[in-house]
């Protein structure tokens with residue numbers, strides 16, 4: 001056993017004692033889809049087997065070199081892969097492990113000189129993989145996965161596969177599989193599924209650009225099939241060698257781009273860096289080299305797992321001031337002290353009333369992404385600043401003047417549980433949490449609250465073949481004013497400083513009303529423009545009911561009036577909402593004028609919480625172009641607030657009339673800024689990624705939708721996030 | 001030219017989104033409001049605790065800022081805090097994953113008495129998803145020899161060394177305590193392998 005130093009006064013390194021806050025920050029660059037995400041250094045010794053990132057193929061999915069394997073990514077993780085294949089093909093892939101067995105993939109590819117006229121192909125594709133069997137490491141059962149590659153894009157990379165993978169000892173893993181489509185093109189044989197039906201003999205083709213985006217049901221597992229093999233040998237913990245027998249004949253590349261397929265054998269080498277990045281080099285088909293770099297990202301591992309905030313104030317016995325001295329609160333010193341102490345904890349004090357031994361305190365959380373932590377910090381301050389005769393605290397949370405939740409905590413429980421081993425769970429169980437909607441308002445003298453802030457902003461546009469990433473960067477002046485009574489005025493003016501959104505020359509060829517596809521015209525404006533300017537009124541019309549009425553300029557392209565009602569009981573997994581808007585399309589100059597188009601649009605929405613962070617939302621109604629239909633959104637929400645979602649919309653606009661892409665769909669990523677910085681803040685950053693933005697299925701983008709405003713409080717009432725109550 | 005512009009824009013965007021700690025920190029300082037809870041000056045004559053984190057290469061002097069029911073609350077100048085009960089760390093606030101609570105069971109009594117024994121210990125740490133991850137261990141407590149330890153600038157004393165080895169399916173932890181007159185004088189305790197050992201010395 002290591003001999004431990006008995007002299008703790010002298011540091012080994014002779015450094016003078018300094019503060020813990022100097023703990024080094026961890027923010028390497030991660031330039032992916034406009035988001036900056038910290039790469040996560042992994043302590044190799046800490047990483048258990050099932051959290052280890054498997055090798056990825058050049059398609060950015062678990063695999064060997066070009067061929068897939070049956071492994072899954074660690075649950076909930078992202079893998080971002082950049083691949084350069086020969087001089088002519090580039091791919092950027094984002095894979096996300098949606099659940100322990102389901103992997104979703106989005107890929108953007110560039111194929112130089114793909115078309116006969118010398119044009120290049122910019123291709124967006126989606127994959128889905130499902131792990132049917134997990135490996136039994138101690139027995140014979142291999143992992144078994146089925147995959148649909150490029151099932152909804154142009155179909156250039158379209159392939160399906162069934163693959164089994166097995167570890168042999170500590171350092172070798174091998175896969176064997178059968179592929180269709182692209183993976184069934186070398187050494188192929190008649191589709192074994194033909195014994196079921198002759199339909200499996202013929203594979204559907206790709207008919208043209210208007211066909212993009214449709215799910216290729218007539219291609220799945222059809223046409224000839226072929227076998228492939230792959231072997232990885234982990235030479236050292238950082239170095240891996242791979243060999244594979246590929247079943248891809250590279251037919252498209254050979255016929256269109258002059259690719260030479262000399263051999264089905266591919267060889268690769270991978271090096272794993274300490275930061276989790278993996279660099280791969282491979283020789284494919286005896287003719288081309290391929291270079292890949294992969295970074296993984298685990299949303300469950302923020303840069304600072306406990307946050308960088310310092311310790312909370314202690315639970316205290318309270319002041320010796322008499323209750324009577326708190327009788328007249330207006331302008332009293334006690335009140336000012338309480339307000340200041342709460343403000344130091346990121347909580348805005350909005351009012352107080354005393355009822356016997358109970359203090360009812362109205363607050364609004366300014367700083368904490370976690371509602372339970374905001375309640376915990378408030379309770380700590382109240383225990384110190386209120387007289388010791390006050391034995392119960394009722395903390396009533398407000399947001400934009402709307403009462404959300406009412407939490408009752410007793411002084412005795414707080415004292416008993418502050419250091420208790422199961423203090424967080426006990427505190428939740430003993431807290432009495434109610435809907436605050438129907439409770440009397442303790443806010444005696446509502447103040448005018450106003451603020452003005454100057455912030456930077458960015459706007460992005462993806463996947464234009466002329467320039468796949470365009471971005472504007474500028475300054476935003478934001479103002480808000482809350483005169484009380486649930487009224488909330490806010491607005492923002494933006495001025496672009498630098499950017500190239502205005503360089504798009506694409507004229508929309510949409511045959512629908514151009515409700516979204518004229519983005520390039522809106523981007524031509526060089527002067528200041530109004531991002532939004534709204535008057536809103538929030539109220540609680542009944543128990544578990546929330547309402548919003550808004551009027552003004554809602555977003556870059558639309559303004560008008562809007563109303564919404566949400567029913568969201570804390571004890572049910574679902575919530576229901578209805579929203580109705582009458583809006584007109586804004587002029588391109590970003591001022592107050594409107595174009596000659598107005599529309600009545602609105603949706604009924606069902607929100608469902610499946611538990612374990614999985615959420616679904618169904619919106620049915622009328623969209624901006626006047627089309628009717630519905631949107632399905634599936635979201636995985638991590639406990640720290642990181643959200644990853646996917647959505648698609650089908651409306652009565654036919655696929656042909658919709659144009660390229662066939663229907664609206666996309667991926668959303670949204671995360672708290674505190675996930676990156678570790679500092680407590682309610683600000684979020686995010687991005688919606690659509691393969692293409694057209695006019696069908698377009699929904700009004702309005703701020704402060706009620707579900708978003710209320711679901712943190714509803715979650716906290718259900719016990720979510722109480723691990724931070726004492727933080 | 002276009003590529004250059006795109007690159008510049010990307011850099012600008014990354015800076016905006018807070019890709020470096022410094023920029024992110026400045027953004028938060030500017031726009032995120034104050035960081036709550038700076039520490040007040042320590043009271044005159046408050047007890048002191050030296051804490052070292054060998055893995056992070058850091059050390060700090062903490063002052064006793066209060067306590068209740070046998071728990072002592074130690075505060076660093078930047079308001080990182082450590083809670084101890086009978087010389088064992090039962091909580092941290094502002095350190096790595098943070099030990100939110102701990103159930104040392106009868107460990108403190110055994111260690112202080114210099115007796116050997118086997119008992120369970122349970123730690124609850126934040127897991128990155130705002131949940132508590134419960135880590136439980138079976139610990140063997142084994143007294144060793146008396147050793148001369150330094151407890152002040154020029155102060156040395158003889159104290160009994162007590163070794164603690166803890167096991168769980170996830171891995172092992174170890175701790176060493178130096179005990180005199182039924183009190184832990186100094187100690188090397190580990191509850192989070194990512195943070196590494198935490199060395200503490202109660203100043204006389």
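The values are calculated or read from the model by the stated rules, or taken from the named source; none is laboratory data. All of these numbers come straight from a predicted model, not from anything done at the bench. Neighbour counts are summed over all protein chains in view; Cβ atoms, including those assigned to glycine, are modelled from backbone coordinates with ideal geometry.
Miscellaneous remarks
- The stretch B:73-122, subset surrounded by fewer than 22 Cβ atoms within 10 Å (Cβ to Cβ) and assigned to a helix (DSSP H, G or I), residue farthest from the other protein chains (Cβ to nearest Cβ): B:113
- All told, residue B:53 meets the bar of being in contact with a strand residue (DSSP E or B) (Cβ under 7 Å, 6 or more places away or on another chain), surrounded by fewer than 21 Cβ atoms within 10 Å (Cβ to Cβ) and modelled with pLDDT of 50 or more.
- Test: residue in the stretch A:580-601 that is assigned to a strand (DSSP E or B) and either at pLDDT below 95 or not assigned by TED's automatic domain parsing to the domain that holds residue A:486 (or both): no
- Filter result for residue A:632 (under 19 Å from the mean Cα position of the chain (by Cα) and not in a loop (DSSP other than H, G, I, E, B)): yes
- Of all the residues in the stretch A:65-113, those that are in a loop (DSSP other than H, G, I, E, B) and touching a strand residue (DSSP E or B) at 6+ places or on another chain (Cβ under 8 Å) number 19.
- The lone criterion from (1) in contact with a strand residue (DSSP E or B) (Cβ under 6 Å, 6 or more places away or on another chain); (2) buried (at least 23 other Cβ atoms within 10 Å of the Cβ); (3) touching a residue at least 40 places away in the same chain (Cβ under 8 Å) left unmet by residue A:371 is number (1).
- Residues (outside any helix (DSSP H, G or I) and more than 20 Å from the chain's Cα centre (by Cα)) located in the stretch A:701-723: A:718, A:719
- Boolean, residue A:325 is touching a helix residue (DSSP H, G or I) at 6+ places or on another chain (Cβ under 8 Å) and under 30 Å from residue A:355 (Cβ atoms): yes
- Residue that is nearest to the other protein chains (Cβ to nearest Cβ), among those in the stretch A:635-661 that are outside any strand (DSSP E or B) and surrounded by fewer than 19 Cβ atoms within 10 Å (Cβ to Cβ): A:660
- Test set (1) more than 21 Å from residue B:123 (Cβ to Cβ); (2) outside any loop (DSSP other than H, G, I, E, B); (3) touching a helix residue (DSSP H, G or I) at 6+ places or on another chain (Cβ under 9 Å) - residue B:66 fails condition number: (3)
- Top-ranked residue in the stretch A:290-313 [being touching a helix residue (DSSP H, G or I) at 6+ places or on another chain (Cβ under 7 Å) and facing another protein chain (nearest Cβ under 8 Å); ranked as farthest from residue A:272 (Cα to Cα)]: A:313
- Of the residues A:587, A:664, the single one that is closer than 24 Å to residue A:458 by Cβ and surrounded by 22 or more Cβ atoms within 10 Å (Cβ to Cβ) is A:664.
- Only one of A:380, A:443, A:470, A:394 that is buried (at least 17 other Cβ atoms within 10 Å of the Cβ), in contact (Cβ under 8 Å) with a residue 12 or more places away in the chain and part of a loop (DSSP other than H, G, I, E, B): A:443
- Any pair with Cβ under 6 angstrom, 6 or more apart, that starts in the stretch A:699-720 at a residue that is crowded, with 18+ Cβ neighbours inside 10 Å and ends at one that is assigned to a helix (DSSP H, G or I): A:712/A:371; A:713/A:371; A:716/A:371; A:716/A:372
- Qualifying residue in the stretch A:510-527 (condition: part of a strand (DSSP E or B) and either surrounded by fewer than 20 Cβ atoms within 10 Å (Cβ to Cβ) or touching a residue at least 40 places away in the same chain (Cβ under 8 Å) (or both)): no
- Failed item in (1) closer than 30 Å to residue A:517 by Cα; (2) in contact with a strand residue (DSSP E or B) (Cβ under 8 Å, 6 or more places away or on another chain); (3) touching a residue at least 24 places away in the same chain (Cβ under 8 Å), with residue A:456 passing the rest: (3)
- Where residue A:329 falls short, out of the listed (1) part of a loop (DSSP other than H, G, I, E, B); (2) over 24 Å from residue B:131 (Cα atoms); (3) at pLDDT 90 or above: (3)
- Residue match in the stretch A:619-626 (condition: surrounded by fewer than 16 Cβ atoms within 10 Å (Cβ to Cβ) and either assigned to a strand (DSSP E or B) or outside the structural domain of residue A:524 (by TED's automatic domain parsing) (or both)): yes
- Scope the stretch B:123-139; condition without any contact (Cβ under 8 Å) to a residue 24 or more places away in the chain and either facing chain A (nearest Cβ under 7 Å) or crowded, with 22+ Cβ neighbours inside 10 Å (or both); matching residues: B:129, B:130, B:131
- Filtered residue count, the stretch B:159-173, keeping only those that are at pLDDT below 95 and either out of contact with any strand residue (DSSP E or B) (no Cβ under 7 Å at 6 or more places or on another chain) or within 11 Å of chain A (Cβ to nearest Cβ) (or both): 3
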